[in-house]
Amino acid sequence: MRELLQIDTDVTGLINETAITYGGGVHAKHRLMRYHDFFVDRIRPGERVLDIGSGNGAVAHSVATRSSAVVVGLDLNEDNVASAQRMFPHSSLTFVVGEAPEDIPAERFDVVIMSNVLEHLEHRVQFLRLVQERVSPSRWLLRVPMFDREWRVAMRKELGLYYFGDPTHATEYTQASFEVEMQEASFKINELQINWGEIWAEVSYDVP
């Protein structure tokens, strides 16, 4: 079982790499899962949006073009930012290199997006509070992976194998653990969906 699960990990990695090539530089899951719609549908024209960990820029571009919002994509990887600038030029869209929260532009944003980013952080509660204090968004749109998305994850854990979907993940969530973490950060959950083994949520700071 251990050997088969390791093969599964290796094959999954190759599938993901190939899916990016197949999608012309954007992973095919963006199109198949249609998760951009979750962000686009919850942002109003003219709002200022900060996309933390914007990666290749695909989500930020969808929001800028389809929601008519002004979007800043922040990513610590220079190659990601260069790729985003090349693939998605738009007058209402800016990509910058930096790490949150210290490199966030000193301005207010209406919405913060973190699409498959929060799970990479160790000190998530502190991070959420710091960003909230810095830019005062009215709401956050979050997308995070779930631990209990399928039985093989639990089997990997039982066998002592690395069981997260990415070696840079610090956590993966259950609905219960997500709710607890949001409460610890003084956030209320306005909406929560479970799709494709992920949590898609709109949350906002719950002023004491």
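The values are calculated or read from the model by the stated rules, or taken from the named source; none is laboratory data. As the structure is a computational prediction, the values presented were derived from the model and not from experiment. Cβ: placed from backbone, ideal geometry, glycine included. Neighbour counts: every protein chain shown.
Any residue at all in the range 115-125 that is closer than 16 Å to Tyr205 by Cβ and of a type outside the set (D, E, K, R)?
Yes.
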- Contacts under 6 angstrom Cβ, first residue in the range 21-43 being without any contact (Cβ under 8 Å) to a residue 60 or more places away in the chain and part of a loop (DSSP other than H, G, I, E, B), partner surrounded by fewer than 14 Cβ atoms within 10 Å (Cβ to Cβ) and not β-branched (Val, Ile, Thr), 6 or more apart: Ala28/Tyr22
- Of these, Leu142, Leu192, which one is within 30 Å of Asp10 (Cβ to Cβ) and in contact with a strand residue (DSSP E or B) (Cβ under 8 Å, 6 or more places away or on another chain)? Leu142
- Query: Quick one: would you say Thr94 is modelled with pLDDT of 95 or more and surrounded by 14 or more Cβ atoms within 10 Å (Cβ to Cβ)?
  - Reply: yes
- Query: Can you name every residue in the range 44-63 that is touching a helix residue (DSSP H, G or I) at 6+ places or on another chain (Cβ under 7 Å) and either in a loop (DSSP other than H, G, I, E, B) or modelled with pLDDT under 95 (or both)?
  - Reply: Ser54, Gly55, Asn56, Gly57
- Task: With the condition kept exactly as written, say whether any residue in the range 173-194 is more than 24 Å from Val131 (Cβ to Cβ) and at pLDDT below 95.
- Result: no
- Message: Pull out all pairs, ordered by first then second residue, where Cβ-Cβ is under 9 Å, the residues are six or more apart or on different chains, the first lies in the range 1-19 and is within 13 Å of Tyr162 (Cα to Cα), and the second is exposed (fewer than 12 other Cβ atoms within 10 Å of the Cβ) and aromatic (Phe, Trp, Tyr).
- Response: none
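Within the range 153-172, restricting attention to residues that are of a type in the set (Val, Ile, Thr) and modelled with pLDDT under 95, which residue is farthest from Ile43 (Cα to Cα)?
Val153
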- Task: Could you please tell me which pairs satisfy a Cβ distance under 8 Å, a separation of 6+ or placement on different chains, a first residue in the range 62-82 that is under 10 Å from Val40 (Cβ atoms) and buried (at least 21 other Cβ atoms within 10 Å of the Cβ), and a second residue that is of a type in the set (Asp, Glu) and modelled with pLDDT of 95 or more?
- Result: Val63/Asp51; Ser67/Glu47; Ala69/Glu47
- Note on the structure: Selection from the range 155-179 of residues among the aliphatic types (A, V, I, L, M) and either touching an Asp or Glu at 6+ places or on another chain (Cβ under 6 Å) or surrounded by 13 or more Cβ atoms within 10 Å (Cβ to Cβ) (or both) yields Met155, Leu161, Ala170
